[in-house]
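Data first, discussion second: the structure below is written as C-alpha coordinates.
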Amino acid sequence: SKNRGRDVTSLFNWDLKYKLLEKTQLIHDLRKAIVNKEFYLAYQPIIDNQGTVVKFEALIRWNHPTRGFVSPDNFIGLAEGSGQIIEIGNWVIKEAKQALPEIQKVFGDVQVSVNISPLQLSKQHGRELSSLLLTDRKSKHNGLVVEITENLLMNLDENTRKSLLDFKDMDIQVALDDFGTGYSSLSYIMDYDIDYLKIDKKFVQQINESSNSPLCETIISMAHQLNIKVIAEGIETQKQMEVLLSYECDYLQGFYFAKPMPLAELLDYKQDKAF
Ligand code: C2E
Ligand code: CA
Ligand code: CA
Ligand code: CA
(Lines give C-alpha, C1' and ligand atoms only; values in the text may rest on other atoms or scores of the structure.)
(Ligands and ions follow the chains in the order given, each with its own letter.)
Protein backbone atom coordinates (compact mmCIF):
# COMPACT_ATOMS: atom_id res chain seq x y z
CA SER A 1 0.00 0.00 0.00
CA LYS A 2 3.03 2.22 0.56
CA ASN A 3 3.95 1.65 -3.07
CA ARG A 4 0.50 2.33 -4.24
CA GLY A 5 0.58 5.68 -2.49
CA ARG A 6 3.76 6.63 -4.30
CA ASP A 7 2.35 5.54 -7.65
CA VAL A 8 -0.71 7.63 -7.17
CA THR A 9 1.43 10.63 -6.24
CA SER A 10 3.68 10.36 -9.25
CA LEU A 11 0.75 9.79 -11.53
CA PHE A 12 -0.83 12.88 -10.13
CA ASN A 13 2.36 14.88 -10.69
CA TRP A 14 2.72 13.56 -14.18
CA ASP A 15 -0.82 14.54 -14.92
CA LEU A 16 -0.21 18.05 -13.62
CA LYS A 17 3.00 18.41 -15.60
CA TYR A 18 1.26 17.14 -18.69
CA LYS A 19 -1.52 19.66 -18.28
CA LEU A 20 0.97 22.44 -17.74
CA LEU A 21 2.91 21.48 -20.85
CA GLU A 22 -0.26 21.29 -22.82
CA LYS A 23 -1.25 24.77 -21.69
CA THR A 24 2.15 26.17 -22.57
CA GLN A 25 1.86 24.56 -25.98
CA LEU A 26 -1.62 25.96 -26.56
CA ILE A 27 -0.53 29.46 -25.58
CA HIS A 28 2.34 29.14 -28.02
CA ASP A 29 0.02 27.91 -30.77
CA LEU A 30 -2.40 30.77 -30.16
CA ARG A 31 0.24 33.18 -31.43
CA LYS A 32 -0.07 31.81 -34.93
CA ALA A 33 -3.79 31.19 -34.90
CA ILE A 34 -4.87 34.58 -36.25
CA VAL A 35 -2.29 34.80 -39.06
CA ASN A 36 -2.93 31.20 -40.06
CA LYS A 37 -6.68 31.85 -40.13
CA GLU A 38 -7.46 29.09 -37.62
CA PHE A 39 -10.26 31.05 -35.95
CA TYR A 40 -13.74 31.53 -37.23
CA LEU A 41 -16.98 32.78 -35.73
CA ALA A 42 -20.10 30.71 -35.22
CA TYR A 43 -23.36 32.64 -34.94
CA GLN A 44 -26.29 31.56 -32.79
CA PRO A 45 -29.75 33.03 -33.46
CA ILE A 46 -31.59 34.90 -30.71
CA ILE A 47 -35.35 35.24 -31.19
CA ASP A 48 -37.83 37.70 -29.73
CA ASN A 49 -41.05 36.72 -27.96
CA GLN A 50 -42.86 36.58 -31.29
CA GLY A 51 -40.46 33.97 -32.66
CA THR A 52 -38.59 36.35 -35.00
CA VAL A 53 -34.81 36.14 -35.27
CA VAL A 54 -33.61 39.57 -34.19
CA LYS A 55 -30.02 39.03 -33.02
CA PHE A 56 -27.12 36.63 -33.20
CA GLU A 57 -24.37 35.89 -30.71
CA ALA A 58 -20.93 35.50 -32.28
CA LEU A 59 -18.90 32.72 -30.64
CA ILE A 60 -15.27 32.05 -31.46
CA ARG A 61 -14.12 28.68 -32.81
CA TRP A 62 -10.53 27.47 -33.04
CA ASN A 63 -9.69 24.88 -35.62
CA HIS A 64 -6.25 23.80 -34.37
CA PRO A 65 -3.94 22.31 -37.06
CA THR A 66 -3.29 19.08 -35.12
CA ARG A 67 -5.78 18.98 -32.26
CA GLY A 68 -8.80 19.85 -34.32
CA PHE A 69 -11.55 21.77 -32.59
CA VAL A 70 -10.49 23.42 -29.32
CA SER A 71 -13.37 24.77 -27.22
CA PRO A 72 -13.27 28.44 -26.19
CA ASP A 73 -13.62 27.23 -22.60
CA ASN A 74 -10.16 25.70 -23.07
CA PHE A 75 -8.34 28.66 -24.57
CA ILE A 76 -10.06 31.97 -23.68
CA GLY A 77 -8.74 31.73 -20.12
CA LEU A 78 -5.23 30.97 -21.38
CA ALA A 79 -5.39 33.90 -23.80
CA GLU A 80 -6.45 36.14 -20.92
CA GLY A 81 -3.50 34.95 -18.87
CA SER A 82 -1.05 35.62 -21.67
CA GLY A 83 -2.58 38.92 -22.78
CA GLN A 84 -3.36 37.58 -26.26
CA ILE A 85 -7.07 38.02 -25.59
CA ILE A 86 -6.93 41.67 -26.71
CA GLU A 87 -5.68 40.80 -30.16
CA ILE A 88 -8.21 37.95 -30.34
CA GLY A 89 -11.00 40.22 -29.14
CA ASN A 90 -10.15 42.78 -31.80
CA TRP A 91 -10.14 40.06 -34.43
CA VAL A 92 -13.61 38.94 -33.26
CA ILE A 93 -14.96 42.49 -33.51
CA LYS A 94 -13.54 43.03 -37.01
CA GLU A 95 -14.80 39.69 -38.24
CA ALA A 96 -18.33 40.22 -36.86
CA LYS A 97 -18.41 43.75 -38.24
CA GLN A 98 -17.47 42.47 -41.67
CA ALA A 99 -20.16 39.76 -41.56
CA LEU A 100 -22.89 42.12 -40.35
CA PRO A 101 -24.00 43.54 -43.75
CA GLU A 102 -24.20 40.01 -45.19
CA ILE A 103 -26.25 38.83 -42.23
CA GLN A 104 -28.52 41.86 -42.47
CA LYS A 105 -29.09 41.24 -46.15
CA VAL A 106 -30.70 37.91 -45.23
CA PHE A 107 -32.24 38.62 -41.81
CA GLY A 108 -33.05 42.33 -41.97
CA ASP A 109 -32.15 44.87 -39.32
CA VAL A 110 -30.60 42.45 -36.81
CA GLN A 111 -27.74 42.94 -34.34
CA VAL A 112 -24.73 40.73 -33.63
CA SER A 113 -23.35 40.48 -30.13
CA VAL A 114 -19.67 39.88 -29.39
CA ASN A 115 -18.14 38.59 -26.17
CA ILE A 116 -15.51 40.96 -24.81
CA SER A 117 -13.15 39.84 -22.06
CA PRO A 118 -13.06 41.98 -18.90
CA LEU A 119 -9.30 42.09 -19.42
CA GLN A 120 -9.72 43.85 -22.75
CA LEU A 121 -12.08 46.39 -21.21
CA SER A 122 -9.63 47.08 -18.47
CA LYS A 123 -6.52 47.32 -20.70
CA GLN A 124 -7.60 48.82 -24.01
CA HIS A 125 -8.36 52.51 -24.43
CA GLY A 126 -12.13 53.01 -24.36
CA ARG A 127 -12.20 55.31 -27.40
CA GLU A 128 -10.20 52.84 -29.43
CA LEU A 129 -12.48 49.98 -28.44
CA SER A 130 -15.70 51.93 -29.13
CA SER A 131 -14.53 53.07 -32.54
CA LEU A 132 -13.75 49.46 -33.42
CA LEU A 133 -17.25 48.52 -32.33
CA LEU A 134 -19.08 51.25 -34.25
CA THR A 135 -20.90 50.04 -37.34
CA ASP A 136 -22.58 51.87 -40.22
CA ARG A 137 -25.69 53.22 -38.66
CA LYS A 138 -28.95 52.92 -40.49
CA SER A 139 -30.88 51.81 -37.44
CA LYS A 140 -31.47 53.23 -34.01
CA HIS A 141 -28.78 51.20 -32.25
CA ASN A 142 -25.31 50.09 -33.16
CA GLY A 143 -25.15 46.84 -35.16
CA LEU A 144 -22.72 45.24 -32.68
CA VAL A 145 -23.70 44.63 -29.07
CA VAL A 146 -21.07 44.02 -26.37
CA GLU A 147 -21.46 41.04 -24.04
CA ILE A 148 -19.52 41.32 -20.79
CA THR A 149 -19.70 39.01 -17.81
CA GLU A 150 -21.58 40.11 -14.77
CA ASN A 151 -18.60 39.77 -12.45
CA LEU A 152 -16.83 42.56 -14.33
CA LEU A 153 -19.01 45.02 -12.46
CA MET A 154 -17.74 43.74 -9.14
CA ASN A 155 -14.19 44.97 -9.63
CA LEU A 156 -14.47 47.93 -11.93
CA ASP A 157 -11.21 49.73 -12.58
CA GLU A 158 -10.93 53.25 -13.96
CA ASN A 159 -10.36 52.25 -17.57
CA THR A 160 -13.28 49.81 -17.60
CA ARG A 161 -15.49 52.49 -16.08
CA LYS A 162 -14.51 54.93 -18.85
CA SER A 163 -15.05 52.35 -21.58
CA LEU A 164 -18.53 51.57 -20.30
CA LEU A 165 -19.36 55.28 -20.26
CA ASP A 166 -18.03 55.60 -23.82
CA PHE A 167 -20.33 52.79 -24.88
CA LYS A 168 -23.20 54.62 -23.23
CA ASP A 169 -22.32 57.90 -25.01
CA MET A 170 -22.05 56.24 -28.39
CA ASP A 171 -25.16 54.16 -27.84
CA ILE A 172 -23.31 50.88 -28.19
CA GLN A 173 -25.57 48.47 -26.38
CA VAL A 174 -24.26 46.29 -23.57
CA ALA A 175 -25.49 42.90 -22.40
CA LEU A 176 -24.54 41.54 -18.99
CA ASP A 177 -23.63 37.90 -19.56
CA ASP A 178 -23.96 35.01 -17.10
CA PHE A 179 -26.36 37.04 -15.03
CA GLY A 180 -27.29 35.47 -11.72
CA THR A 181 -23.90 33.89 -11.11
CA GLY A 182 -22.31 36.99 -9.58
CA TYR A 183 -23.53 39.58 -7.15
CA SER A 184 -23.60 42.81 -9.09
CA SER A 185 -25.44 45.62 -7.49
CA LEU A 186 -28.41 47.18 -9.19
CA SER A 187 -26.97 50.67 -8.93
CA TYR A 188 -24.08 49.70 -11.22
CA ILE A 189 -26.54 48.35 -13.71
CA MET A 190 -28.26 51.72 -13.68
CA ASP A 191 -25.04 53.80 -13.78
CA TYR A 192 -23.63 52.07 -16.81
CA ASP A 193 -26.83 51.90 -18.76
CA ILE A 194 -26.82 48.14 -19.29
CA ASP A 195 -29.32 47.25 -22.02
CA TYR A 196 -29.75 43.51 -21.58
CA LEU A 197 -29.36 40.90 -18.90
CA LYS A 198 -28.54 37.40 -20.11
CA ILE A 199 -29.80 34.78 -17.70
CA ASP A 200 -27.16 32.10 -17.38
CA LYS A 201 -28.05 28.72 -18.86
CA LYS A 202 -27.48 27.10 -15.48
CA PHE A 203 -30.73 28.70 -14.26
CA VAL A 204 -32.68 28.14 -17.47
CA GLN A 205 -31.81 24.47 -17.35
CA GLN A 206 -33.30 24.07 -13.89
CA ILE A 207 -36.68 24.37 -15.60
CA ASN A 208 -38.16 20.93 -16.40
CA GLU A 209 -41.50 19.11 -16.42
CA SER A 210 -41.72 19.20 -12.64
CA SER A 211 -40.09 22.50 -11.71
CA ASN A 212 -40.30 26.13 -12.69
CA SER A 213 -37.76 28.80 -11.89
CA PRO A 214 -38.83 31.50 -9.44
CA LEU A 215 -35.31 32.92 -9.81
CA CYS A 216 -35.71 33.48 -13.57
CA GLU A 217 -39.10 35.02 -12.95
CA THR A 218 -37.67 37.39 -10.37
CA ILE A 219 -34.73 38.43 -12.57
CA ILE A 220 -37.08 39.19 -15.45
CA SER A 221 -39.53 41.26 -13.45
CA MET A 222 -36.75 43.14 -11.71
CA ALA A 223 -35.03 43.89 -15.03
CA HIS A 224 -38.29 45.14 -16.52
CA GLN A 225 -38.78 47.54 -13.66
CA LEU A 226 -35.38 48.99 -14.53
CA ASN A 227 -36.27 49.12 -18.21
CA ILE A 228 -33.77 46.41 -19.13
CA LYS A 229 -34.54 43.60 -21.60
CA VAL A 230 -33.79 40.00 -20.74
CA ILE A 231 -32.24 37.30 -22.89
CA ALA A 232 -32.45 33.70 -21.66
CA GLU A 233 -29.64 31.46 -22.95
CA GLY A 234 -29.32 27.69 -23.04
CA ILE A 235 -32.95 26.88 -23.87
CA GLU A 236 -33.04 23.22 -24.87
CA THR A 237 -36.67 22.21 -24.42
CA GLN A 238 -40.12 23.41 -25.36
CA LYS A 239 -41.01 23.47 -21.67
CA GLN A 240 -38.15 25.87 -20.91
CA MET A 241 -39.30 28.12 -23.74
CA GLU A 242 -42.91 28.09 -22.56
CA VAL A 243 -42.07 28.83 -18.96
CA LEU A 244 -39.74 31.71 -19.89
CA LEU A 245 -42.34 33.18 -22.24
CA SER A 246 -44.89 32.97 -19.42
CA TYR A 247 -42.43 35.06 -17.36
CA GLU A 248 -42.42 37.59 -20.23
CA CYS A 249 -38.81 36.99 -21.14
CA ASP A 250 -37.93 39.27 -24.10
CA TYR A 251 -35.43 37.15 -26.03
CA LEU A 252 -34.62 33.45 -26.23
CA GLN A 253 -31.47 31.61 -27.30
CA GLY A 254 -30.53 27.95 -27.22
CA PHE A 255 -30.08 24.62 -28.98
CA TYR A 256 -33.89 24.20 -28.99
CA PHE A 257 -33.99 26.88 -31.69
CA ALA A 258 -30.57 26.60 -33.32
CA LYS A 259 -26.93 25.80 -32.63
CA PRO A 260 -24.18 28.29 -33.39
CA MET A 261 -23.38 28.11 -37.13
CA PRO A 262 -20.52 29.27 -39.30
CA LEU A 263 -21.42 32.22 -41.53
CA ALA A 264 -22.04 30.28 -44.76
CA GLU A 265 -24.42 27.91 -42.99
CA LEU A 266 -26.13 30.75 -41.20
CA LEU A 267 -26.88 32.59 -44.44
CA ASP A 268 -28.76 29.46 -45.59
CA TYR A 269 -30.51 28.90 -42.29
CA LYS A 270 -34.28 28.52 -42.34
CA GLN A 271 -35.99 28.73 -39.01
CA ASP A 272 -37.95 25.55 -38.29
CA LYS A 273 -39.34 26.20 -34.83
CA ALA A 274 -42.06 28.79 -34.68
CA PHE A 275 -44.59 29.12 -31.92
P1 C2E B 1 -21.15 32.29 -23.16
O2 C2E B 1 -20.83 33.66 -23.62
O3 C2E B 1 -22.02 32.15 -21.96
O4 C2E B 1 -21.78 31.58 -24.43
C5 C2E B 1 -22.83 30.66 -24.40
C6 C2E B 1 -22.32 29.26 -24.55
O7 C2E B 1 -23.42 28.36 -24.44
C8 C2E B 1 -21.70 28.95 -25.92
O9 C2E B 1 -20.66 27.99 -25.71
C10 C2E B 1 -22.86 28.31 -26.68
O11 C2E B 1 -22.45 27.49 -27.75
C12 C2E B 1 -23.50 27.52 -25.58
N13 C2E B 1 -24.92 27.25 -25.81
C14 C2E B 1 -25.81 27.92 -26.56
N15 C2E B 1 -27.02 27.35 -26.50
C16 C2E B 1 -26.92 26.30 -25.66
C17 C2E B 1 -27.84 25.29 -25.18
O18 C2E B 1 -29.03 25.28 -25.50
N19 C2E B 1 -27.34 24.36 -24.33
C20 C2E B 1 -26.04 24.34 -23.95
N21 C2E B 1 -25.63 23.38 -23.12
N22 C2E B 1 -25.13 25.27 -24.37
C23 C2E B 1 -25.58 26.23 -25.22
P24 C2E B 1 -19.23 28.15 -26.41
O25 C2E B 1 -19.41 28.68 -27.79
O26 C2E B 1 -18.51 26.86 -26.20
O27 C2E B 1 -18.53 29.29 -25.56
C28 C2E B 1 -18.21 29.09 -24.21
C29 C2E B 1 -17.77 30.39 -23.57
O30 C2E B 1 -16.53 30.83 -24.15
C31 C2E B 1 -18.74 31.54 -23.78
O32 C2E B 1 -19.80 31.45 -22.87
C33 C2E B 1 -17.83 32.72 -23.55
O34 C2E B 1 -17.66 32.95 -22.19
C35 C2E B 1 -16.53 32.23 -24.15
N36 C2E B 1 -16.41 32.74 -25.52
C37 C2E B 1 -16.91 32.24 -26.68
N38 C2E B 1 -16.57 33.02 -27.75
C39 C2E B 1 -15.87 34.07 -27.23
C40 C2E B 1 -15.23 35.21 -27.82
O41 C2E B 1 -15.28 35.48 -29.03
N42 C2E B 1 -14.56 36.04 -26.96
C43 C2E B 1 -14.51 35.81 -25.60
N44 C2E B 1 -13.82 36.68 -24.84
N45 C2E B 1 -15.09 34.75 -25.03
C46 C2E B 1 -15.77 33.88 -25.82
CA1 CA C 1 -22.02 35.42 -24.20
CA1 CA D 1 -27.01 51.53 -23.41
CA1 CA E 1 -23.33 32.08 -20.12
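The values are calculated or read from the model by the stated rules, or taken from the named source; none is laboratory data. Everything numeric here is computed off the predicted structure, so don't read it as measured data. Note: accessible area is taken over every heavy atom of the protein model, side chains too, but ligands, DNA and RNA are not part of it. Shrake-Rupley method; radii C 1.70, N 1.55, O 1.52, S 1.80 Å.
Using alpha carbons only, how many degrees (0 to 90, rounded to 10) separate the axis of helix 158-169 from the longest principal axis of the chain? The angle comes out near 30 degrees.
Counting every pair of alpha carbons in the stretch 129-271, the share spaced more than 22 Å apart comes to 45 percent. Per residue, the chain exposes an accessible area of 53 Å² to a 1.4 Å probe, with every protein chain left in place. Taking a straight Cα-Cα cut-off under 30 Å and skipping sequence neighbours fewer than 8 places away in the same chain, the lysines within cross-link reach of LYS239 are LYS55, LYS198, LYS201, LYS202, LYS229, LYS259, LYS270, LYS273.
Once Rh for the chain is found with the Kirkwood sum over Cα pairs, what is the Stokes-Einstein diffusion coefficient at 20 °C and 1.002 mPa s, in µm²/s? Walk me through the numbers before you get to the answer.
Numbers: Rh = 20.1 Å.
Calculated translational D: 106 µm²/s.
Partners of LYS23 within straight-line reach, counting lysines whose Cα lies under 21 Å from its Cα and excluding those fewer than 8 residues away in the same chain: LYS32, LYS37.
Take every DSSP beta bridge whose two residues both sit in the chain; close to 45 percent of them are antiparallel.
Roughly what angle does helix 214-225 make with the longest principal axis of the chain, taking Cα atoms, 0 to 90 degrees, to the nearest 10? With both axes taken from Cα atoms, the answer is about 50 degrees. Only helical runs count toward this figure. For the chain, summing -39,500 (n - 2.57) over DSSP H runs of n ≥ 4 and dividing by all residues gives -14000 deg cm²/dmol at 222 nm.
Roll a 1.4 angstrom probe over the protein heavy atoms and tell me the percent of accessible area of the chain that is carbon or sulfur. Roughly 51 percent, rounded to a whole number.
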